[in-house]
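The values are calculated or read from the model by the stated rules, or taken from the named source; none is laboratory data. None of the values given here were measured: they were computed from a predicted structure. Glycine gets a Cβ as well: all are built from the backbone with ideal geometry, and neighbour counts include every protein chain shown.
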Amino acid sequence: MRHWEKHPAETAHAFNLNGFVALPNFFAGDEIAEIAARVSRYIREIAPTRPDTEIFYEDKADASTIKQMQDLHVHDPFFGELINGRCAKLAETVLGEPVQAKNLQYFNKPPGIGQPTPPHQDGYYFHLKPNHAVTMWLALEDVDHENGCVRYVQGSHRLGMRAHGRSGVLGFSQGMLDFGLPHDRGHTVTCPATAGDLLAHHSLTIHWADGNTSKTRTRRALGLVYFAAGCAVDEVAKKAYQERLHADLRAAGKI
Ligand SMILES: O=C(O)CCC(=O)C(=O)O
């Protein structure tokens, strides 16, 4: 049994206090190698069959620059098992109630051109009442200052939802409009990771990531999203938002 399984109350306490937890070696070397190989297979065999609203490129004309893919668990049973396994148990531990698995995403920042992830709160995209959800961020390879670390504003989940607006960044269309207050800067925690490490953050925790400045290294990760079972989604607001977004992206030639 791992530390977080042996000490669930301690893990939930750290999550509730800080808005995130970092769990080194959540997947062992052989497990993360298998997950990374399955992602490569997905890119080769399944991504070409999916619509452009699910697969985003840094450069649409270059298929090797995939930056984001959505809903891997829906189209590949391997990822269906992954989202319902160990990560779901951790989600229940930190949210303190049963969960619904919602999304399994792939995030990459291709060498040299991978853009920063703008500061945001995931809950802004979720349209949830109450806003009680968790995103797990799983490093598929080593991630450091060069290829784009994730950063959190510690404790920001306790201060509510901030104003968001169009960011202009494909895949992270909404960014915080007032990011950079002294509290944000003073409570920033940077989270370098090695392959297999997992970060779990609350849907109200402010986070962002740097761009990839390496000319040779990718920056590949998975994001697994879980909503607390007690939350309700405003489906009408969500659908209207997605339709607006897709229309905007098409008009801008980004998808
Ligand atoms: O991978 C990244 O750059 C950021 C991911 C993110 O924002 C998230 O997992 O919610």
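Of the residues A240, A232, only one is more than 16 Å from the ligand (Cβ to nearest atom), out of contact with any helix residue (DSSP H, G or I) (no Cβ under 7 Å at 6 or more places or on another chain), more than 29 Å from S64 (Cα to Cα) and free of Cβ contacts under 8 Å to residues at least 24 places away in the same chain; which?
Details: A232 fails: free of Cβ contacts under 8 Å to residues at least 24 places away in the same chain.
Step by step, each of A240, A232 is checked, and only A240 is more than 16 Å from the ligand (Cβ to nearest atom), out of contact with any helix residue (DSSP H, G or I) (no Cβ under 7 Å at 6 or more places or on another chain), more than 29 Å from S64 (Cα to Cα) and free of Cβ contacts under 8 Å to residues at least 24 places away in the same chain.
In this structure, does N147 turn out to be in contact (Cβ under 8 Å) with a residue 24 or more places away in the chain and of a type in the set (S, T, N, Q)? Explain how you work it out, then say what you get.
Numbers: in contact (Cβ under 8 Å) with a residue 24 or more places away in the chain: yes; of a type in the set (S, T, N, Q): yes.
Yes; evaluated as a whole, the condition is true for this residue.
Run Q154 past the list (1) away from the ligand (no atom under 13 Å from the Cβ); (2) of a type in the set (S, T, N, Q); (3) closer than 21 Å to T218 by Cα and report the number of the one that doesn't hold.
Against the list (1) away from the ligand (no atom under 13 Å from the Cβ); (2) of a type in the set (S, T, N, Q); (3) closer than 21 Å to T218 by Cα, Q154 comes up short only on (3).
Here's the yes/no breakdown for (1) surrounded by 19 or more Cβ atoms within 10 Å (Cβ to Cβ); (2) in contact with a helix residue (DSSP H, G or I) (Cβ under 9 Å, 6 or more places away or on another chain):
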residue: H145; (1), (2): no, no
residue: L159; (1), (2): no, yes
residue: L170; (1), (2): no, yes
residue: A193; (1), (2): yes, no
residue: A200; (1), (2): yes, yes
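Restricting to strands (runs of 3 or more DSSP E) lying wholly in region 19-99: which have 3 or more residues that are over 22 Å from T194 (Cα atoms)?
Working: elements: 20-23, 55-57, 66-69.
Per the criteria, 55-57.
Pairs, please: C-beta under 6 Å, at least 6 apart or cross-chain, first residue within 16 Å of K254 (Cα to Cα) and in region 60-76, second surrounded by fewer than 13 Cβ atoms within 10 Å (Cβ to Cβ)?
Every condition considered, the pairs that remain are T65/D59.
Looking at region 32-59, which of the residues that are of a type in the set (S, T, N, Q) and surrounded by 11 or more Cβ atoms within 10 Å (Cβ to Cβ) is nearest to R250 (Cα to Cα)?
We begin by selecting, within region 32-59, every residue of a type in the set (S, T, N, Q); these are 40, 49, 53.
Right, trim to surrounded by 11 or more Cβ atoms within 10 Å (Cβ to Cβ) and you get 40, 53.
Numbers: S40: 27, T53: 9 Å.
Here the residue is T53.
Does region 166-210 hold any residues that are small (G, A, S), modelled with pLDDT of 95 or more and within 14 Å of the ligand (Cβ to nearest atom), and which are they?
Within region 166-210, A193, A200, S203, A209 qualify.
Only one of K102, K109 is of a type in the set (K, R), assigned to a loop (DSSP other than H, G, I, E, B) and within 13 Å of the ligand (Cβ to nearest atom); which? Give the derivation first.
Numbers: K102 fails: assigned to a loop (DSSP other than H, G, I, E, B).
So the residue among K102, K109 that is of a type in the set (K, R), assigned to a loop (DSSP other than H, G, I, E, B) and within 13 Å of the ligand (Cβ to nearest atom) is K109.
With the structure loaded, tell me whether K129 is basic (K, R) and either touching a Leu at 6+ places or on another chain (Cβ under 6 Å) or modelled with pLDDT of 95 or more (or both) or whether it fails that test. Even if it seems obvious, please write down each step before you answer.
Working: basic (K, R): yes; either touching a Leu at 6+ places or on another chain (Cβ under 6 Å) or modelled with pLDDT of 95 or more (or both): no.
Taking the combined requirement at face value, the residue does not satisfy it.
Can you give me the number of residues within region 208-230 that are surrounded by fewer than 20 Cβ atoms within 10 Å (Cβ to Cβ) and over 19 Å from Q105 (Cβ atoms)?
Residues in region 208-230 being surrounded by fewer than 20 Cβ atoms within 10 Å (Cβ to Cβ) and over 19 Å from Q105 (Cβ atoms): 6 in total.
Does Y152 satisfy being crowded, with 21+ Cβ neighbours inside 10 Å and either in contact with a His (Cβ under 6 Å, 6 or more places away or on another chain) or over 30 Å from R86 (Cα atoms) (or both)?
Working: crowded, with 21+ Cβ neighbours inside 10 Å: yes; either in contact with a His (Cβ under 6 Å, 6 or more places away or on another chain) or over 30 Å from R86 (Cα atoms) (or both): yes.
Yes.
Taking L138 and the conditions (1) within 12 Å of the ligand (Cβ to nearest atom); (2) without any contact (Cβ under 8 Å) to a residue 60 or more places away in the chain; (3) aliphatic (A, V, I, L, M), which numbered condition does it fall short on, given that it satisfies the others?
(2)
I'm trying to understand the selection: among the residues of region 72-92, which are charged (D, E, K, R) and surrounded by 15 or more Cβ atoms within 10 Å (Cβ to Cβ)?
Here is the first cut: in region 72-92, the ones charged (D, E, K, R) are 76, 81, 86, 89, 92.
Within region 72-92, D76, R86, E92 qualify.
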